[in-house]
1. Kindly establish whether V54 is surrounded by 11 or more Cβ atoms within 10 Å (Cβ to Cβ), touching a Leu at 6+ places or on another chain (Cβ under 7 Å) and closer than 17 Å to A15 by Cβ.
2. Conditions: (1) exposed (fewer than 13 other Cβ atoms within 10 Å of the Cβ); (2) among the charged types (D, E, K, R); (3) touching a residue at least 12 places away in the same chain (Cβ under 8 Å). D8 meets all but one. Number of the miss?
3. If you take the residues in the stretch 1-39 that are charged (D, E, K, R) and part of a strand (DSSP E or B), which one is farthest from E83 (Cα to Cα)?
4. Go through (1) exposed (fewer than 15 other Cβ atoms within 10 Å of the Cβ); (2) in contact (Cβ under 8 Å) with a residue 24 or more places away in the chain; (3) farther than 11 Å from A15 by Cβ one by one and return the number of the condition G59 breaks.
5. Does the stretch 20-34 hold any residues that are small (G, A, S) and surrounded by 11 or more Cβ atoms within 10 Å (Cβ to Cβ), and which are they?
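Coordinate-derived values only; no laboratory data. This structure is a prediction, so every number in the text was calculated from the model and none was measured. Virtual Cβ from ideal backbone geometry, glycine too; neighbours counted across all protein chains shown.
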Amino acid sequence: MSNIRVGDAGSAQAAARRYLASQFGSNKIKEVSFSRAWYTPGSQKDIWEVEGDVLIKKGWFSKESVHFKFQIDPATGRVIAYEV
């Protein structure tokens, strides 16, 4: 993944898109929709949290919707925790 500072919700969503593309393949992703993106200051580490759904192409005609929730390190832009 890239080393890009995440300073706002849009760049947190871009980091999530990059992670999804690396996991599923950019040619398999039909659509990504975000339901929430928020910044959480922590006592040990600050994080961006991004939640949404990704529509993945499966075969010729079928698609699968997968819900995700990522925690993104604001200093590096890397996904550090996830639920899929």
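1. Details: surrounded by 11 or more Cβ atoms within 10 Å (Cβ to Cβ): yes; touching a Leu at 6+ places or on another chain (Cβ under 7 Å): yes; closer than 17 Å to A15 by Cβ: yes.
So V54 fits the description; yes.
2. (3)
3. It comes out as K30.
4. (2)
5. Scanning the stretch 20-34 gives A21, S22, G25.
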